[in-house]
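K.L.:
Have a look at this one before I ask anything.
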Amino acid sequence: MRGYCAALGVGVIEVVAFGHDETLHPIITYYSSTPRRVVALVVVGFCVAVTWYVLQSRRWGGGPLASVESMVRAQSLAERRPGFVRQGVHALVQIVAVGAGSPVGKEVAPRELGALFAGRIADWGRLPEGTRRTLVASAAAAGLAADYQVPVAGVVFLFEALGLGLSVKNVLVGAFTVGVATATAHLTISDQATYPVVLVQTCWESLALAVLLGVVLAPGALWFRRLLGWAQRGRATNRGVLWRVPLVFAAVGVVSMVLPEVMGNGRALVQQTFNRAELVGSFTVPALLYTLGLFVAKGVLVVAALRHGSYGGTLTPGVALGASGGFVVAGTLVCVCPWVSGFPLGVTGLLSAAGVLGAAVFLALSMDAPLSSVALVVGFTGQSWGAYVPLAVAVGVAWGVKRLWEAHRARVLAGA
């Protein structure tokens, strides 16, 4: 139900802001009026800014908003029992903001709602602390799995990203919770791949591309993760939210006049990238530069939104940055070395595989969760078993670059 409510809420706001939702046009900005999009984004930006200020202002009886991690940790009463109405409104505001075009992800809201409800149920049933933690974490993972119809990725995410300890009880509870939530949401949410794309196969070309992307995209993903940490640690929560959030939303609207796919959680950007990859005739140098512009603009706007008071996820923006980054790297390779188009994989296969592999690389490092990234990308793009080896190679190489980078920084700090 949490995933269904999130999807329904985003759909309603998309109809208001764009005149239709993603079920009609996966690239939400298609066939929508630019003035309508910009005006809706500015108005929603002001409304959510006021709401977030009230929710966090001591003057209005508010306070710090709880995250999924804090609700799972539950080291204080505020983390264990955050205000039910206040936290629920906070999740709803995230859904409204993303539906109107905020550049961050929508996946945090269903996770927070899952953890919130599970915490109350656990307290009502007076469950032991260990069981309570398992239930809260499982409900949070279930919110993610149900919203995107990725049950396997939800279970992997539960143990890797949320840090739940491996045990028979935790596996059974987690798998059952995620499975029931996904099946329930499937009554109204399609289980078709979020991003229809050409299937990646294990061959020497895809493996070589995986190595290349792991090396080239890893630095960008690591910097993006550092910037996200900087933005979230210094997120505005005081009165400045009242002007900072609307200003960022207005900036998104201005950028969207030239690069409309920057709006929303990243689905439009990803789908546009895969569409260009599959239509060889549309692959040109201007298309390559356009995708590069989307890559830069999306990254900047996500960091700016989180720094200046917005809340939301970084999972789908990470997928968007990785897919567009992979497309740019592969497209540059085609331009510099035209002879690669003669390989059996072809330009279409090369660009599509680059988008899938790039998404996994960027997500693995930005989330610091390599297994979850592979499972999520497979679920999002409907990949077969043939994609697992190239995905594992891409993420493994990127993880190696991460380790080398960390070792280098440690030596520099030790020398300082």
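The values are calculated or read from the model by the stated rules, or taken from the named source; none is laboratory data. Remember, predicted model here, so these are calculated numbers, not experimental data. Cβ sites come from the backbone with ideal geometry, for glycine too, and all protein chains shown count toward neighbours. For accessibility, only protein heavy atoms count, side chains too; no ligands or nucleic acids. Shrake-Rupley method; radii C 1.70, N 1.55, O 1.52, S 1.80 Å.
K.L.:
Provide the net charge surrounding residue 308, with neighbours chosen by a C-beta distance below 11 Å and charges set as Lys +1, Arg +1, Asp -1, Glu -1.
P.N.:
+3
K.L.:
Another question, then. Suppose every Lys and Arg Cβ carries +1 and every Asp and Glu Cβ carries -1, with no other charges. What dipole size does the stretch 6-187 come out with about its Cα centre, to the nearest 20 debye?
P.N.:
Here the stretch 6-187 has a charge dipole of around 600 debye.
K.L.:
Rounded to the nearest 10 degrees, what's the angle between the helix 34-56 long axis and the longest principal axis of the chain, both from Cα atoms, 0 to 90?
P.N.:
Once rounded, the angle reads 40 degrees.
K.L.:
How much length is gained if the chain between residue 289 and residue 254 is pulled fully straight, taking 0.36 nm per residue apart and subtracting their Cα-Cα distance, in nm to one decimal?
P.N.:
Gain in length upon complete extension: 10.7 nm.
K.L.:
Report the net charge of residues surrounding residue 355, where surrounding means a beta-carbon distance below 12 angstrom and charges are Lys +1, Arg +1, Asp -1, Glu -1.
P.N.:
So the surrounding residues net to 0.
K.L.:
On the accessible surface of the stretch 204-415, probed at 1.4 Å, how many percent belong to carbon and sulfur atoms?
P.N.:
71 percent
K.L.:
A further question on this structure: Once label points are set 7 Å from the Cα along Cα→Cβ at both residue 39 and residue 239, what is their separation, rounded to one decimal in nm?
P.N.:
In this crude spin-label approximation the distance works out to 3.1 nm.
K.L.:
Find how much the distance from residue 296 to residue 166 grows on full extension, using 0.36 nm per residue of separation minus their present alpha carbon separation; answer in nm with one decimal.
P.N.:
Between residue 296 and residue 166, full extension yields 43.0 nm more.
K.L.:
Compute the convex hull volume of the Cα atoms of the stretch 184-278, divide it by the residue count, and report the result per residue in Å³ as a whole number.
P.N.:
Residue-normalised Cα hull volume stands at 192 Å³.
K.L.:
Same structure again: Can you work out the base-10 log of I(q)/I(0) for the stretch 225-318 at q = 0.12, 0.18, 0.19 1/Å, using the Debye formula on its C-alpha atoms alone?
P.N.:
Normalising to I(0) and taking log10 leaves -0.42, -0.82, -0.89.
K.L.:
Given a 10 angstrom Cα cut-off, can you work out which residue in 165, 119, 130 is the most mobile in a GNM of the chain?
P.N.:
The residue that fluctuates most here is 130.
K.L.:
Residues of the stretch 383-405 with amide nitrogen under 19 Å from the 7 Å Cα-to-Cβ point of residue 193?
P.N.:
383-395
K.L.:
In addition: The stretch 231-245 to the stretch 311-380: how many Å between their Cα centroids?
P.N.:
32 Å
K.L.:
Still on this model: Keeping every protein chain present and rolling a 1.4 Å probe, give me the accessible area per residue for the chain in Å².
P.N.:
Heavy-atom SASA per residue in the chain reads 41 Å².
K.L.:
With the contact rule set at Cα under 8 Å and sequence spacing of 6 or more, what percent relative contact order holds for the stretch 6-187?
P.N.:
Relative contact order for the stretch 6-187 comes out at 19 percent.
K.L.:
So, one more: Using only alpha carbon pairs under 8 Å that are at least six residues apart, calculate the relative contact order of the chain and give it in whole percent.
P.N.:
22 percent
K.L.:
Hey, another quick one. Above 32 angstrom, tally the Cα pairs of the stretch 204-415 and express them as a % of all pairs, no decimals.
P.N.:
When all Cα pairs of the stretch 204-415 are counted, 19 percent exceed 32 Å.
K.L.:
While we're looking at this one, here's another question. Kirkwood hydrodynamic radius for the stretch 6-187: how many Å is it when counted over pairs of different Cα atoms? Could the numbers behind the result be given before it?
P.N.:
On the way: mean 1/r = 0.0577 Å⁻¹.
It works out to 17.3 Å.
K.L.:
Mind checking the dipole of the chain: about its Cα centre, +1 per Lys or Arg Cβ, -1 per Asp or Glu Cβ, Debye to the nearest 20?
P.N.:
1480 debye
K.L.:
Stokes-Einstein at 10 °C, 1.306 mPa s, Kirkwood radius from Cα pairs: D for the stretch 37-109 in µm² s⁻¹?
P.N.:
Reported coefficient: 121 µm²/s.
K.L.:
Determine by what factor the alpha-carbon radius of gyration of the chain differs from 2.2 N^0.38 Å, reporting the quotient.
P.N.:
0.96
K.L.:
Further, regarding this structure: Where is the GNM fluctuation largest for the chain (alpha-carbon springs, 10 angstrom cutoff): 286, 260, 196?
P.N.:
Top of the fluctuation ranking is 286.
K.L.:
Return one number: the angle in degrees, 0 to 90 and rounded to the nearest 10, between the long axis of the Cα atoms of helix 129-148 and the longest principal axis of the Cα atoms of the chain.
P.N.:
For 129-148 against the chain, the angle is about 50 degrees.
K.L.:
Label residue 84 and residue 409 with points 7 Å out from Cα along Cα→Cβ: what is the distance between them in nm?
P.N.:
Modelled inter-label distance: 4.2 nm.
K.L.:
Which residue fluctuates the most in the chain, going by a Gaussian network model with Cα springs under 10 Å, if the choices are 363, 279, 162?
P.N.:
Highest fluctuation of the listed residues: 279.
K.L.:
I'd like the orientation of helix 108-124 relative to the chain: the angle between its Cα long axis and the longest Cα principal axis, in ° from 0 to 90, rounded to 10.
P.N.:
30 degrees
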